[in-house]
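One structure is given below, encoded as structure tokens.
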Amino acid sequence: MKPFKIERYFAKYEFSAKYLLSCSDCESLTLPELLALASPQDRDRFESLHLGYTESPGLPDLREAIAGRYETASGDDVLIMTPEEGIYVTMRALLQPGQDVICVYPAYQSLYEVAADKGCRIIQWPIYKDGGRWQIDIDFLRDHVSANTGMIIINFPHNPTGFMPDHSQFQAIIDIARENNLYLFSDEMYRLLEHNPDGRLPAMVDSYEKGISLSGLSKAYSLPGLRIGWVALKDSEARRCILGYKDYTTICNNAAGEILALIAIKNADKLVQDNRNLLAENLRLAEAFFQRYANIFEWLPPLGSPVTFPRLLLETSVDDWCRHIVESQSIMVLPGSVYDFPGQHFRIGLGRRNFPESLAQLDSYLQGPGG
Ligand SMILES: Cc1ncc(COP(=O)(O)O)c(C=O)c1O
């Protein structure tokens with residue numbers, strides 16, 4: 001498969017740069033912080049855990065608890081796996097070579113790369129700038145769906161722009177998928193992190209019989225190191241295919257991660273609210289920063305997610321600029337080229353507690369002689 005450009009870029013700098021100003025996750029919890037939220041029974045369950053193989057679809061109590069976070073899903077509809085595995089296995093299991101796959105663009109690379117590697121033709125569905133905001137064209141989707149389409153892939157709130165469609169656009173996407181009897185894969189890793197809760201979209205598993213919701217604990221729940229996520233879908237034949245494929249990846253999940261995930265899901269409201277508060281504060285700082293530097297950056301405010309995708313207005317190429325600030329200032333931002341997206345964009349992440357400090361570092365660099 002082709003190199004995963006975002007992951008390679010992070011691998012280069014994530015554990016060496018001092019100011020990580022581009023992360024898509026929120027500040028991670030420590031194990032003691034998570035365990036402090038556990039009921040005595042769950043804590044005991046964790047401490048006396050038997051480290052044998054686990055049930056392939058996931059711990060039944062965890063599947064039930066996750067289902068309880070949806071409107072209509074049952075525990076049977078939820079299959080636990082790492083988020084990235086949820087993308088990989090679903091694409092491998094449900095797509096056929098030669099099919100068309102329509103995927104939002106730009107996108108987290110695996111959302112289309114796994115399908116491309118399987119021999120599908122990728123149709124990029126652009127998220128574009130229009131009237132000072134990000135936008136999507138529903139007619140584009142309507143015009144590009146055909147008898148050869150195998151799947152539509154969306155990701156809202158969107159990495160990297162933070163874009164979200166409105167409710168009527170979301171419903172139109174479902175209507176198009178339904179009219180054409182298509183799988184609709186909805187990467188909802190950033191769901192619950194809408195900057196205005198009124199904009200929150202329903203989960204796909206609750207909205208469409210052939211819809212697939214991908215979610216996990218890495219972003220809104222502050223627990224990327226658990227490597228626990230899930231796909232939720234009502235289509236039992238698709239579930240059977242996905243589980244069959246999982247036998248060739250992880251077979252089953254890590255036992256400790258599942259119990260810790262159960263503790264997290266039981267405390268979901270608190271974990272998510274803490275992150276929403278953090279994002280709201282950091283977003284305010286970002287707003288003031290981009291207003292102050294409107295001569296250097298064009299910025300379209302995000303509607304959700306911890307990420308946002310400003311554009312560098314300087315003559316320097318954004319790749320050189322990103323390389324320069326990480327190598328000279330230890331400030332890491334992600335150039336838009338890792339998304340194969342032109343136009344001098346770069347990704348900023350708002351979810352970390354040291355965001356004010358990292359942004360202040362960039363601010364003082366811009367005011368200094370090199371900036
Ligand atoms: C849109 C999107 N989907 C899926 C993932 C994968 O999540 P994880 O790294 O926890 O497997 C990411 C991670 O950044 C993401 O941004």
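Residues ARG276, ARG311: which one is in contact with a Leu (Cβ under 8 Å, 6 or more places away or on another chain) and of a type in the set (Lys, Arg)?
Result: ARG276 is the single residue among ARG276, ARG311 that is in contact with a Leu (Cβ under 8 Å, 6 or more places away or on another chain) and of a type in the set (Lys, Arg).
On the basis of being at pLDDT 95 or above, among the charged types (D, E, K, R) and not assigned by TED's automatic domain parsing to the domain that holds GLU357, does ASP25 make the cut?
no
Working carefully through the options ASP130, ASP77, find the one that is more than 25 Å from TYR248 (Cα to Cα) and assigned by TED's automatic domain parsing to the domain that holds THR250.
Answer to the selection: ASP130.
Quick one: how many residues across segment 68-109 are crowded, with 20+ Cβ neighbours inside 10 Å, touching a helix residue (DSSP H, G or I) at 6+ places or on another chain (Cβ under 8 Å) and small (Gly, Ala, Ser)?
2
Out of the residues in segment 295-307 that are within 28 Å of the chain's Cα centre (by Cα) and without any contact (Cβ under 8 Å) to a residue 24 or more places away in the chain, state the one that is most open to solvent (accessible area, probe 1.4 Å).
Among them, the one singled out is GLU298.
Would you say ILE87 is in contact with a Leu (Cβ under 8 Å, 6 or more places away or on another chain), under 30 Å from PRO342 (Cα atoms) and not assigned by TED's automatic domain parsing to the domain that holds ASP274?
On the way: in contact with a Leu (Cβ under 8 Å, 6 or more places away or on another chain): yes; under 30 Å from PRO342 (Cα atoms): yes; not assigned by TED's automatic domain parsing to the domain that holds ASP274: yes.
It is true that ILE87 is in contact with a Leu (Cβ under 8 Å, 6 or more places away or on another chain), under 30 Å from PRO342 (Cα atoms) and not assigned by TED's automatic domain parsing to the domain that holds ASP274.
Does segment 137-149 contain any residue that is in contact with a strand residue (DSSP E or B) (Cβ under 8 Å, 6 or more places away or on another chain), at positive phi and away from the ligand (no atom under 15 Å from the Cβ)?
no
Just name the residue that is nearest to PRO306 (Cα to Cα) out of those in segment 228-241 that are in contact with a helix residue (DSSP H, G or I) (Cβ under 7 Å, 6 or more places away or on another chain) and part of a loop (DSSP other than H, G, I, E, B).
Looking at residues that are in contact with a helix residue (DSSP H, G or I) (Cβ under 7 Å, 6 or more places away or on another chain) and part of a loop (DSSP other than H, G, I, E, B), I get ILE228.
Within the bounds of segment 115-125, is there any residue that is surrounded by 24 or more Cβ atoms within 10 Å (Cβ to Cβ) and within 16 Å of the ligand (Cβ to nearest atom)?
Looking through segment 115-125, at least one residue is surrounded by 24 or more Cβ atoms within 10 Å (Cβ to Cβ) and within 16 Å of the ligand (Cβ to nearest atom).
Output the number of the condition that THR54 fails; it satisfies all remaining conditions of (1) within 16 Å of the ligand (Cβ to nearest atom); (2) under 30 Å from ALA115 (Cβ atoms).
That leaves (1) as the condition not met.
Mind checking which residues of segment 13-33 are open to solvent by less than 30 Å² (accessible area, probe 1.4 Å) and away from the ligand (no atom under 16 Å from the Cβ)?
Across segment 13-33, the qualifying residues are ALA17, TYR19.
Please go through segment 110-147 and pick out each residue that is in contact (Cβ under 8 Å) with a residue 40 or more places away in the chain and among the β-branched types (Val, Ile, Thr).
VAL114, VAL145
For the subset of segment 195-219 comprising residues that are away from the ligand (no atom under 16 Å from the Cβ) and polar (S, T, N, Q), which member is surrounded by the fewest Cβ atoms within 10 Å (Cβ to Cβ)?
Ranking the qualifying residues of segment 195-219, first place goes to ASN196.
Take segment 10-69 and flag every residue that is in contact with a Gly (Cβ under 8 Å, 6 or more places away or on another chain), charged (D, E, K, R) and not in a helix (DSSP H, G or I).
Once the filter is applied, which keeps residues that are in contact with a Gly (Cβ under 8 Å, 6 or more places away or on another chain), charged (D, E, K, R) and not in a helix (DSSP H, G or I), segment 10-69 yields ASP25, GLU27.
Anything in segment 199-222 that is in a helix (DSSP H, G or I) and in contact with a helix residue (DSSP H, G or I) (Cβ under 9 Å, 6 or more places away or on another chain)? List them, or say none. Please lay out each step first, then the result.
Step one: filter segment 199-222 for residues in a helix (DSSP H, G or I), giving 199, 204-206.
Listed by number, the residues that qualify are GLY199, MET204, VAL205.
In segment 322-364, how many residues are in a helix (DSSP H, G or I) and open to solvent by 20 Å² or more (accessible area, probe 1.4 Å)?
Qualifying residue count for the region: 12.
Go over the candidates GLY225, GLY244 one by one and state the one that is more than 15 Å from ILE265 (Cβ to Cβ), in a helix (DSSP H, G or I) and within 16 Å of the ligand (Cβ to nearest atom).
GLY225
It is to be established whether one or more residues within segment 159-181 are basic (Lys, Arg) and touching a residue at least 60 places away in the same chain (Cβ under 8 Å). Talk me through it step by step, then tell me what you get.
If we filter segment 159-181 for residues that are basic (Lys, Arg), which is where we start, we get 178.
From what's left, touching a residue at least 60 places away in the same chain (Cβ under 8 Å): none.
The answer is no; no qualifying residue exists.
The values are calculated or read from the model by the stated rules, or taken from the named source; none is laboratory data. Everything numeric in this text was worked out from a predicted model, so none of it was measured. Positions of Cβ are generated from backbone atoms using ideal geometry, with glycine treated the same way; all protein chains shown enter the neighbour counts. Just the protein is used for accessible areas: all its heavy atoms, side chains included, with ligands, DNA and RNA removed. Shrake-Rupley method; radii C 1.70, N 1.55, O 1.52, S 1.80 Å.
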